[in-house]
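The structure appears below as structure tokens.
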Amino acid sequence: MLIDVITIFPEFFQGPLDVGMMQRAREKGLLQVRLWQLRDFTRDRHRTVDDTPYGGGAGMVMKPEPLVEALEAVRAQGPPGRAILLTPQGRVMDQAWAQERAKEERLILLCGRYEGVDERVRAFVDEELSVGDYVLTGGEYAALIVIDAVTRLVPGVLGSSASPVEESFSDGLLEYPQYTRPPVFRGMEVPQVLTTGNHQEIARWRRRQALYRTWQRRPDLLAQASLTPEERALVERWREAQGPSQEKGNGSEG
Ligand code: 9D3
């Protein structure tokens, strides 16, 4: 996958790109990231990328010409690719989005800064994306999240050590509790079922824990999760056992 990033802070990306999965993906030739300095697409002596907002107000707005000229120049170099503007006003990224974009040959990410981007830039991009409902200082942080979430889904990047299809969010549930040695840590024991070697029992326990945990912490996810009718019924029983009190942890999950 080829990912072009248009930003006023190309150096922001170098550290993360040179570590861990992104580094390995690049070494294997599965990921190429090209960083473009937005200021290189300005024409004035001061390499200006922002200006004051029409109509007044605080802060600065990113001028349209550098962004759009950068996008056009970058687009022209390489295969067709979707241009994605990182903005708090975009649709919020989720795992399904990452899975779809991981199939693409090329992505072009535009990072905004300051209070925002001139509205007319929107007409030149294919989509607008947010990474969540909290305020960042710039699109660069969001771009790194996008690169990470998408790259790990590119075939071959994770190797055989992990299969993204099986993991949390793919079946729509949170992960089950994980343990490793020692068997007792500060008085807290590893659940006995995990030490029995009964793999069918372990799988049943894990599935039930994942389900319970999701119901407790992220009930919003259950609407989209792939559950058997038996699992739906189990959740319904938990709900009834819980009553109107909203009190947590009645023991029925074990
Ligand atoms: C303080 C300025 N805000 C006014 C209410 C608007 C605003 C503009 C620019 C808030 C954040 C930003 C910078 N953020 C991004 O460019 C951004 C972002 C984010 O802040 N949260 C989640 N996803 C994204 S994608 C790009």
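Fully extending the segment from Met21 to Asp94 would add 24.3 nm, taking 0.36 nm per residue of separation and subtracting the current Cα-Cα distance. Note on Gln32 and Gln178: with the Förster distance fixed at 51 Å, the Cβ-Cβ geometry gives a FRET efficiency of about 0.90. Calculated on the Cα set of the chain, radius of gyration then Dmax: 23.3, 71 Å. Each DSSP beta bridge with both residues in the range 2-151 is either parallel or antiparallel, and the antiparallel ones are about 10%.
Using +1 on the beta carbon of Lys and Arg, -1 on that of Asp and Glu, and nothing else charged, what's the dipole of the range 2-151 about the Cα centre, debye to 20?
Details: 18 positive and 24 negative charges, 71 e Å.
Charge dipole, the range 2-151, about its Cα centre: 340 debye, nearest 20.
Quick check: Cα centre of the range 219-238 to Cα centre of the range 1-62, how many Å? Taking the Cα centre of the range 1-62 as reference, the centre of the range 219-238 is 42 Å away. For the pair Val135 and Trp238, the difference between a 0.36 nm per residue extended length and the Cα-Cα distance amounts to 33.5 nm.
Highest-first packing order for the peptide set 173-183, 33-43 is 33-43, 173-183, based on the mean count of other beta carbon atoms within 10 Å. With the convex hull constructed from alpha-carbon coordinates only, the range 164-242 shows a mean projected area of 6.6 nm² over all directions. Angle, helix 199-217 long axis vs. longest principal axis of the chain, Cα atoms, 0 to 90°, nearest 10? The helix 199-217 is inclined about 60 degrees to the chain.
Residues whose amide H comes within less than 5 Å of that of Arg82, counting only those at least five positions distant or on another chain, are Arg106, Ile108 (H built at 1.01 Å from N in the peptide plane). If you plug each phi of the range 125-141 into the Karplus form 6.51 cos²θ - 1.76 cosθ + 1.60 with θ = phi - 60°, what whole-Hz ³J(HN,Hα) values come out, in order, with x for Gly and Pro? Karplus-based 3J(HN,Hα) across the range 125-141 equals 10, 8, 7, 10, 9, 10, 9, x, 8, 8, 9, 9, 8, x, x, 4, 4 Hz.
Once C-alpha pairs closer than 8 Å and six or more residues apart are averaged by separation and normalised to the residue number of the range 164-242, the relative contact order reads 36 percent. Calculated from the alpha-carbon coordinates, the range 2-151 shows an Rg and a Dmax of 15.0, 50 Å respectively. Note on Glu230 and Glu127: the extension gain reaches 33.1 nm, defined as 0.36 nm multiplied by sequence separation minus the Cα-Cα distance. Share of carbon and sulfur in the accessible area of the chain stands at 51%, probe radius 1.4 Å.
The values are calculated or read from the model by the stated rules, or taken from the named source; none is laboratory data. Because the structure is predicted, anything quoted here is derived from the model rather than measured. Counting neighbours? That spans all protein chains shown, and the Cβs are built from the backbone with ideal geometry, glycine included. Surface accessibility is based on the protein's heavy atoms, side chains included, excluding ligands, DNA and RNA. Shrake-Rupley method; radii C 1.70, N 1.55, O 1.52, S 1.80 Å.
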